[in-house]
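Trainee: Sending over a structure as structure tokens; questions will come in a sec.
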Amino acid sequence: MPSYQPWVVLLVAFIGNCSGWLFCFNRINSTGLARRHTKRIEKIFVACCFSLPSLVLIIDWDSIQRWMLAAQWWPNQTILFSPWAISSFVCLAVLGPSWIQSRCGLRGSPNLLSETMVTHHVGNQLPAGSAGDRLTKLLDSIPFNEISRLEVNHKQLRLLRHLPAAEGFKICHISDLHFTGQLNIDHYQFVVDRVLEFEADLIAITGDIIDYARCLPWLEPVLGRLQARYGCLFLLGNHDRRLSDVDEPARILSQLGHVDTGKRDVLIHTPTMRISVSGNERPWLERHDCAGQSNLAGVSQDTTRAFPELRLGLSHSPDQLPWARGLALDLLLAGHTHGGQVRFPLIGPIVAPSRYGSRFASGVFARAPTLMHVSRGIAGTHPLRWRCLPEVSLLTLHS
Ligand SMILES: [Fe+2]
């Protein structure tokens, strides 16, 4: 009669095996490697994750069969099982505690004072739906797939620094639009309509705007409509790098009057304060005039004492949080991780292209002196989402 011990050992070893390869999968996507290399390495990691346990079972099948019938915690006379299982247990012991700790961070930050949200089923509200091609239409029809939905949320954020001049300032944060053609232009016009309803003081787009050159003609009719009192800021992400001329979308958006913070830091003056905005497109792009350093450093030091200043950062990846803290930014806006795209009950997201894994998949995170908001984004190249609604956010700042 089969005993329970082998099943427990095999299950724990398999979880440890998956955690190790998942760790590698998430980190390779946070490097600045070219997409073709990243995708190849990704496939190797996925293949190893499933082929190694299969190989162990095939090679040691006779010993494992005998073990399943014996009330023992470990099999005898195996070749591959012991090194594989021990290395899997080590992975679990090393990675498990920090992963469990990261789940606590996903519950929410006390600096998110309140949040209200409205969910739209965009695909149902548009006459021709949201899907731009047959595959997306098919995937959109899968129950619980949320790709053609949109959460419009309003978050009240308390800054980590006392800055009364920023009280009530409203920033609309959008990210990861991924103009691919999978979602049609009407879907994006719907998103822009919701953004304009916010009547934000400032709009910030944190990268991954366009994947394919065939969608360049969408930039003007969609993003050209974005207007806010103090302008619309943007920078590029790793997917924008897929275009043969990566500067082209930036050029078009600049011609539309939007501010390219991937190229240069800027100062914005309001009646009560000034806002210094720093952009960071690393590790994928280095378009910045000052090689990632702020060209405003001297200006800030001269006059911050005389005039209150909100220090705002834009980055495609949340991995630039240490950079933001180094510059003592008050608020960092990021995207890239899409909230994990699939969020399991209780454990949340597990796949996120970040050096921190899924720790900063989406939400509000306080790491003094910086408060970071990571958007789940609007779309992605894989048209599948589960329990991870696309979002546009209005952030109202409080001191
Ligand atoms: Fe993205």
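Trainee: Report the far tail of the P(r) of segment 4-102, meaning the percent of Cα-Cα pairs longer than 16 Å.
Mentor: Details: 2950 of 4851 pairs.
Considering segment 4-102, 61 percent of its Cα-Cα pairs are separated by more than 16 Å.
Trainee: In addition: Can you list residues whose amide H is under 5 Å from residue 169's amide H, if they're 5+ apart or on another chain and H is modeled 1.01 Å from N?
Mentor: Those qualifying (amide H under 5 Å, at least 5 residues apart or on another chain) are 397.
Trainee: For residue 134 and residue 39, compute 0.36 nm times the residue count separating them, minus their Cα-Cα distance, and round to one decimal in nm.
Mentor: Working: separation 95, 0.36 × 95 = 34.20 nm, distance 2.43 nm.
That works out to 31.8 nm of additional length.
Trainee: Give the lysines reachable from residue 155 as a straight Cα distance under 24 Å; neighbours fewer than 8 places away on the same chain don't count.
Mentor: Hits, sequence-local ones excluded: 170.
Trainee: Put +1 on the Cβ of every Lys and Arg and -1 on every Asp and Glu Cβ in the chain; which of 188, 96, 45 then has its Cα farthest towards the positive end of the dipole?
Mentor: 96
Trainee: To the nearest 10 square angstrom, how much accessible area does residue 163 have with a 1.4 angstrom probe?
Mentor: Solvent-accessible area, nearest 10 Å²: 10 Å².
Trainee: Please give me, ordered by residue number, the trypsin sites (Lys or Arg not before Pro) of segment 101-151 that lie in loop per DSSP and have at most 11 other Cβ atoms within 10 Å. Can you show the working numbers first?
Mentor: Working: sites: 103, 107, 134, 137, 149; in loops: 107.
Counting only loop positions with at most 11 other Cβ atoms within 10 Å, the trypsin sites (Lys or Arg not before Pro) in segment 101-151 are 107.
Trainee: Continuing with the same structure: In the full protein assembly as shown, how much of residue 7 is accessible to a 1.4 Å probe, in Å² to the nearest 10?
Mentor: That residue has around 150 Å² of solvent-accessible surface.
Trainee: Which whole-Hz couplings ³J(HN,Hα) result when phi for each residue of segment 140-152 is put into the Karplus expression 6.51 cos²θ - 1.76 cosθ + 1.60, θ = phi - 60°, listed in order with x for Gly and Pro?
Mentor: My calculation for segment 140-152 gives 5, 7, 5, x, 6, 6, 9, 5, 9, 9, 8, 9, 9 Hz in order.
Trainee: Can you work out the Karplus-derived ³J(HN,Hα) for every residue in segment 344-349? Use 6.51 cos²θ - 1.76 cosθ + 1.60 with θ = phi - 60°, whole Hz, and x for glycine or proline.
Mentor: Working through the residues one at a time gives 7, x, 6, 9, x, x Hz.
Trainee: Report the full-extension gain for the segment residue 12 to residue 141: residue separation times 0.36 nm, less the Cα-Cα distance, to one decimal in nm.
Mentor: 42.9 nm
Trainee: Please state the charge dipole magnitude for the chain, taken about the Cα centre, from unit charges on C-beta atoms (+1 on K and R, -1 on D and E), reported in debye and rounded to the nearest 20.
Mentor: Details: 38 positive and 32 negative charges, 143 e Å.
In debye, rounded to 20, the chain gives about 680.
Trainee: So which of 43/137; 137/263; 39/263; 39/137 end up more than 31 Å apart by C-alpha?
Mentor: Numbers: 43/137 26 Å; 137/263 37 Å; 39/263 28 Å; 39/137 25 Å.
Table pairs above 31 Å Cα-Cα are 137/263.
Trainee: I'd like the Karplus ³J(HN,Hα) series for segment 130-138: coefficients 6.51, -1.76, 1.60, θ = phi - 60°, whole numbers in Hz, and an x wherever there's a Gly or Pro.
Mentor: 9, 5, x, 8, 5, 4, 5, 4, 5
Trainee: On a 0 to 90 degree scale, rounded to 10, what angle separates helix 81-105 from the longest Cα axis of the chain?
Mentor: 30 degrees
Trainee: How big is the antiparallel share of DSSP beta bridges in segment 112-398, given as a percent to the nearest 5?
Mentor: Details: 25 of 59 bridges.
Around 40 percent of the beta bridges assigned by DSSP in segment 112-398 are antiparallel ones.
Trainee: Using +1 at the Cβ of each Lys and Arg and -1 at the Cβ of each Asp and Glu in the chain, identify which of 278, 81, 117 lies farthest towards the dipole's positive end.
Mentor: With unit charges placed on the Cβ atoms, the residue in question is 81.
Trainee: Collect residues whose amide H, placed 1.01 Å from N in the peptide plane, falls under 5 Å from the amide H of residue 332; neighbours closer than 5 in sequence don't count.
Mentor: Those lying under 5 Å, H to H, from residue 332 are 313, 371, 372, 373.
Trainee: Another one. Hey, with R₀ at 30 Å, roughly what FRET efficiency would residue 63 and residue 90 work out to, going by the Cβ-Cβ distance, to 0.05?
Mentor: Details: r = 22 Å, r/R0 = 0.72.
After rounding to 0.05, the efficiency reads 0.85.
Trainee: Moving to a separate point now. Between residue 119 and residue 286, what is the spin-label point distance in nm, taking each point 7 Å from the Cα along the Cα→C-beta axis?
Mentor: A separation of 4.4 nm, rounded to one decimal place.
Trainee: Using a 1.4 angstrom probe and counting only protein chains, how large is the accessible area of residue 42 in Å², to 10?
Mentor: 20 Å²
Trainee: Could you tell me the largest-minus-smallest coordinate of the C-alpha atoms of the chain on each of the three principal axes, in descending order and whole angstroms?
Mentor: Here the Cα extents, ordered largest to smallest, are 78, 51, 39 Å.
Trainee: Continuing with the same structure: Based on the Cα gyration tensor of segment 329-384, what are the three equivalent ellipsoid semi-axes, each the root of five times an eigenvalue, rounded to whole Å and given largest first? Please list the in-between numbers first.
Mentor: Values: eigenvalues 87, 33, 16 Å².
Sorted largest first and rounded, they come to 21, 13, 9 Å.
Trainee: In whole Å, what is the distance between the alpha-carbon centres of segment 27-95 and segment 176-232?
Mentor: Cα centres, segment 27-95 to segment 176-232: 43 Å.
The values are calculated or read from the model by the stated rules, or taken from the named source; none is laboratory data. None of the values given here were measured: they were computed from a predicted structure. Cβ sites come from the backbone with ideal geometry, for glycine too, and all protein chains shown count toward neighbours. Surface accessibility is based on the protein's heavy atoms, side chains included, excluding ligands, DNA and RNA. Shrake-Rupley method; radii C 1.70, N 1.55, O 1.52, S 1.80 Å.
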